Amino acid sequence: MSEREFVNKNFKHIINIDFRTKLLMTMFLSLTVLSGKVQYRYPIFLFAISVVPYLLLLDIREYGKCIKGLVLTSAAWAVSEFLPKNTDSFLQGILYMAAAIVIRMLPGIMAGYYTFISTSMSDMTESLRRMHMPDAFIIPVSVMFRFFYSIREDYKNINEAMKMHGLTFIKNITDPARILEYKLVPLLVCSMRTADDVAVCAMTRGMVPGSKRSSISNARLKVLDYIIMFLFAGIFIYFVIFN
Amino acid sequence: MLELKGISLSYEKVCILSGINAEFKHGEVNVITGNSGCGKSSLIKLINGIVPYIDKAEVSGDIILEGISLQDKNIVDRSRHISSVFQNPKTQFYALDTTDEMAFALENRGVFKEEIFNKIMFYSGLLGTRNLMGRNIFRLSGGEKQMIAITAVSCMEQQVYLFDEPSSSLDIKAMENLKEAILKLKELDKIIIIAEHRLSYLRDIIDNLFIIKDGNMVKFESGGINDDICAEYGLRMLKKVKKEELSKESTSVADLFANESKNISAGYDKNLCNDTDVLYCRDFKYRYGDHEVFNFDIYFKKGVHFIIGSNGVGKTSFIRCLCGLSRGFKGKIYYGRHRVRRPPDIISLVMQDVNYQLFTESVWDEISIVSDDDVKKESILKDFGLSDKKDLHPQSLSGGEKQRLAIALCAASKKPVVILDEPTSGLCRNSMYKTADFINAMRDDGKTVIVISHDYEFIKYCRGNIVEFKGREIKAL
């Protein structure tokens, strides 16, 4: 059996780029969309760049999120472009704010989501190691990476258990703090237990911070990586710094 | 050879093990058993170093592997010789996909990439997990996760393999796979030590059985192991309870695609249509991706109903649809001829992992969510042996107590339907009998109890209607 057959079957990526590239792209993309200047001067360009993360979600088969993202962004763009400005309407103020959040912040969050979901853990740790990050940084990040999944699963289960107990948000509208507590306490307990178990498991498999590790990862920067890095860095410098 | 010499262990002055001596030889399957809390898990943890390095305890005695004492070595040092497979398949992974997971331990040792792949290939082939390579671990079933855990530790090529209740969340087929994997390790001349309640699946391969009781450990060789010993020490049965042994008259097979002869009744005579306390599930159709999981109608009368069937046939999906947790599900539920629009109004659910369903600050607050009747609450807590724990935080209870509390909530609640998902996973004989008694008490109280279980020993003891789910998955085999 060749090495190829071990490649992650869940994610047969069309876009094969390194974790470092994704990280840099996420950074420049979120900084670019966050900047208010771009929105006033180049609204169409901003729209184009803010849908990039949703299109990337197609590569990890998150079709639902992709469609939702595209619809939301379009709606937000329409609100900020076509609604009459300079009115005192409270509702319109809220709409503007929501639109700003969707256009300026959501793309960065989704790019980060894509970055983490589309990277296998060995690729990520290897990439970070090549960036000369210390183990004291890499190990917590890789654990967080894993946690992301288990917390999501735990959270879903807790919500379902609450629903079965009739502890819904609507029924307890007068006491939202209590509902929050009901969610957080089991979540913390489960997370702590997972953290302990995972740490113990890693130790019984011989993980020691600072020791020399090998890796099965092929992580390295290719031509496409450099193109994407320069493209996003260029966009950021041209539109945000020079304008 | 791994030797234990005069091992004593106590947690906060409570003595768990006192002066245990044992020898575990290469190529033998050693099983350690005993009731819940007897210290078998502690013994496993003592060998791999979790006790005393993580779980603080006072330990004396010595552990000797091939003439070398392990006592002053930490977990990482011991991991060069000892592999551990833990109870909970959910939390014994470091990576997200299976290939990474298998490579993880070897990467830690700095083994070259080519060699890592060679080892993964060899052991995944040997243990039959090659088809699981490169998959997202979070999407695997409990049995598949456990097999990945075993393959991952096998790649380390250690001397000693420790298993801490490896079967607790497995179905019957997965337990067979586990047994095969253990046999393979035995053929490789490894030292195998398994802490386990359920002995039936290991029966044919046990070389030595160690029973811990009151801090002492007794050894039985394979010839001397019989059901009398199990009865004497209150252990789970050695003999496998077969499906055919379960009471016949109350068994019904639910063909999950019974579109034409649609109605399947579980202990319910359709002529008794006047019966008002029947749970009727209509138009239960569920698809997962392109795959139709089930499409049927089913009735449940008052009483206890066990749902059996192999993993992946749709038992859990059925329960989720019944509880209204499945989004987009269109089936209708009737109870006592009335349409139930919000299933949580009539159904209490005990999840497999009860940690998710304990919310409040004390046991009393917890039970107060479901009932306002103080007298009833008191009496139920007393029945479940929890009245002296009333003011404790639910999350501070032991695993068994948490589960009892979750069942107590169902008993205290006015909701007429109770659903339990695998209530006996990881329970010793006594706790299992207790759970069965609680279930029977709820039946006597006039509730409809639906239990998903793989544990035939439990089903046989509990007695109830049995509904076997058969779907396309089974037919294909």
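The values are calculated or read from the model by the stated rules, or taken from the named source; none is laboratory data. Since we're looking at a predicted model, the values are computed, not measured. Neighbour counts are summed over all protein chains in view; Cβ atoms, including those assigned to glycine, are modelled from backbone coordinates with ideal geometry. We work out accessible area using only protein heavy atoms, side chains counted, and drop any ligands, DNA or RNA first. Shrake-Rupley method; radii C 1.70, N 1.55, O 1.52, S 1.80 Å.
When the stretch B:345-375 is examined, which residues are found to be among the aliphatic types (A, V, I, L, M) and over 12 Å from B:Q403 (Cβ atoms)?
Listed by number, the residues that qualify are B:I346, B:I347, B:L349, B:V363, B:I367, B:I369, B:V370, B:V375.
Pick out, from the stretch B:382-477, the helices (runs of 4 or more DSSP H) lying fully within it that include 3 or more residues that are assigned by TED's automatic domain parsing to the domain that holds B:K285 and without any contact (Cβ under 8 Å) to a residue 40 or more places away in the chain.
B:429-444
Could you check A:A136 against (1) among the hydrophobic types (A, V, I, L, M, F, W, C); (2) assigned by TED's automatic domain parsing to the domain that holds A:Y114; (3) farther than 24 Å from A:Y113 by Cβ; (4) in contact (Cβ under 8 Å) with a residue 60 or more places away in the chain and say which number it fails?
The one condition A:A136 does not meet is (2).
Can you pull out the residues in the stretch A:70-93 that are at pLDDT 90 or above and either outside any helix (DSSP H, G or I) or β-branched (V, I, T) (or both)?
A:V71, A:T73
Regarding the stretch B:107-120, can at least one residue be identified that is among the β-branched types (V, I, T), within 9 Å of another protein chain (Cβ to nearest Cβ) and within 30 Å of B:I212 (Cα to Cα)?
For the stretch B:107-120, residues among the β-branched types (V, I, T), within 9 Å of another protein chain (Cβ to nearest Cβ) and within 30 Å of B:I212 (Cα to Cα): absent.
From the list A:R152, A:R146, A:R130, pick out the single residue that is of a type outside the set (A, V, I, L, M, F, W, C) and more than 11 Å from chain B (Cβ to nearest Cβ).
On the way: A:R152 fails: more than 11 Å from chain B (Cβ to nearest Cβ); A:R146 fails: more than 11 Å from chain B (Cβ to nearest Cβ).
That would be A:R130, the only listed residue that is of a type outside the set (A, V, I, L, M, F, W, C) and more than 11 Å from chain B (Cβ to nearest Cβ).
Which ones in the stretch A:163-200 are over 27 Å from the mean Cα position of the chain (by Cα) and crowded, with 17+ Cβ neighbours inside 10 Å?
Once the filter is applied, which keeps residues that are over 27 Å from the mean Cα position of the chain (by Cα) and crowded, with 17+ Cβ neighbours inside 10 Å, the stretch A:163-200 yields A:K163, A:M164, A:H165, A:L167, A:V200.
Given B:S8, B:S60, which one is away from chain A (no Cβ under 14 Å) and either open to solvent by 40 Å² or more (accessible area, probe 1.4 Å) or within 25 Å of B:L183 (Cα to Cα) (or both)?
Values: B:S8 fails: either open to solvent by 40 Å² or more (accessible area, probe 1.4 Å) or within 25 Å of B:L183 (Cα to Cα) (or both).
Matching residue, one of B:S8, B:S60: B:S60.
Which of (1) crowded, with 16+ Cβ neighbours inside 10 Å; (2) not assigned by TED's automatic domain parsing to the domain that holds B:R282 does B:V340 not meet, given it meets every other one?
Condition (2) is where B:V340 drops out.
Is it fair to say B:S41 is in contact with a strand residue (DSSP E or B) (Cβ under 7 Å, 6 or more places away or on another chain), buried (at least 17 other Cβ atoms within 10 Å of the Cβ) and within 14 Å of chain A (Cβ to nearest Cβ)?
yes
Can you tell me how many residues within the stretch B:205-230 are part of a helix (DSSP H, G or I) and either in contact (Cβ under 8 Å) with a residue 24 or more places away in the chain or aliphatic (A, V, I, L, M) (or both)?
3
Residues A:A233, A:A219: which one is more than 30 Å from B:G134 (Cα to Cα), small (G, A, S) and more than 9 Å from chain B (Cβ to nearest Cβ)?
Checking each option against the conditions leaves just A:A233.
Check off (1) more than 29 Å from B:S362 (Cα to Cα); (2) part of a helix (DSSP H, G or I); (3) in contact (Cβ under 8 Å) with a residue 24 or more places away in the chain; (4) open to solvent by less than 20 Å² (accessible area, probe 1.4 Å) for A:M229 and give me the number that stays unchecked.
The failed condition is (4).
Need pairs with beta-carbon distance below 6 Å; first residue free of Cβ contacts under 8 Å to residues at least 40 places away in the same chain and within the stretch B:163-176, second of a type in the set (A, V, I, L, M, F, W, C) and surrounded by fewer than 24 Cβ atoms within 10 Å (Cβ to Cβ); sequence gap 6+ or separate chains.
Filtered contacts from the stretch B:163-176: B:S167/B:M175.
Residue by residue through the stretch A:204-216, note down the ones that are more than 10 Å from B:N108 (Cβ to Cβ), at the interface with another protein chain (Cβ under 7 Å from one of its Cβ atoms) and either open to solvent by 20 Å² or more (accessible area, probe 1.4 Å) or assigned to a helix (DSSP H, G or I) (or both).
Taking the stretch A:204-216 as the starting set, the residues that turn out to be more than 10 Å from B:N108 (Cβ to Cβ) are A:204, A:209-210, A:215-216.
Keeping just the survivors that are at the interface with another protein chain (Cβ under 7 Å from one of its Cβ atoms) gives A:204, A:215-216.
Within the stretch A:204-216, A:T204, A:S215 qualify.
Identify all residues within the stretch B:351-368 that are farther than 23 Å from B:S425 by Cα, open to solvent by 20 Å² or more (accessible area, probe 1.4 Å) and in a loop (DSSP other than H, G, I, E, B); write none if there are none.
The answer is B:E361, and nothing else.
Of the conditions (1) part of a helix (DSSP H, G or I); (2) open to solvent by less than 10 Å² (accessible area, probe 1.4 Å), B:P52 fails just one. Which one is it?
Condition not satisfied by B:P52: (2).
Any idea which residue in the stretch B:121-140 is nearest to the other protein chains (Cβ to nearest Cβ), counting only those that are among the hydrophobic types (A, V, I, L, M, F, W, C) and assigned to a loop (DSSP other than H, G, I, E, B)? Working first, answer last.
Here is the first cut: in the stretch B:121-140, the residues among the hydrophobic types (A, V, I, L, M, F, W, C) are B:121-122, B:126-127, B:132-133, B:137-138, B:140.
Subsequent filtering for residues that are assigned to a loop (DSSP other than H, G, I, E, B) retains B:127, B:133, B:140.
Values: B:L127: 15, B:M133: 5, B:L140: 11 Å.
In this case the residue turns out to be B:M133.
Open to solvent by less than 10 Å² (accessible area, probe 1.4 Å), out of contact with any Gly (no Cβ under 9 Å at 6 or more places or on another chain) and more than 12 Å from chain A (Cβ to nearest Cβ): is that true of B:I172 in this structure?
It is false that B:I172 is open to solvent by less than 10 Å² (accessible area, probe 1.4 Å), out of contact with any Gly (no Cβ under 9 Å at 6 or more places or on another chain) and more than 12 Å from chain A (Cβ to nearest Cβ).
B:N430: at pLDDT below 90, more than 30 Å from B:G34 (Cα to Cα) and touching a Gly at 6+ places or on another chain (Cβ under 9 Å), yes or no?
no
B:S124 - would you say it is touching a Gly at 6+ places or on another chain (Cβ under 9 Å) and either open to solvent by less than 10 Å² (accessible area, probe 1.4 Å) or not assigned by TED's automatic domain parsing to the domain that holds B:M432 (or both)?
In short, no.
Return the residues of the stretch B:66-98 that are more than 10 Å from every other protein chain (Cβ to nearest Cβ) and outside any loop (DSSP other than H, G, I, E, B); say none if nothing qualifies.
Correct list: B:I68, B:S69, B:P89.
Considering only residues that are within 27 Å of the chain's Cα centre (by Cα) and either acidic (D, E) or more than 13 Å from every other protein chain (Cβ to nearest Cβ) (or both), which ones fall in the stretch B:362-389?
The answer is B:V363, B:E366, B:I380, B:L381, B:K382, B:D383, B:F384, B:G385, B:L386, B:S387, B:K389.
When you check A:I67 against the structure, is it among the aliphatic types (A, V, I, L, M), over 26 Å from A:R129 (Cα atoms), open to solvent by 80 Å² or more (accessible area, probe 1.4 Å) and modelled with pLDDT of 90 or more, yes or no?
Yes, satisfied.
Scanning for something modelled with pLDDT of 85 or more, open to solvent by 20 Å² or more (accessible area, probe 1.4 Å) and farther than 30 Å from A:D196 by Cα, does the stretch A:143-156 turn up at least one residue?
Checked the stretch A:143-156: no residue is modelled with pLDDT of 85 or more, open to solvent by 20 Å² or more (accessible area, probe 1.4 Å) and farther than 30 Å from A:D196 by Cα.
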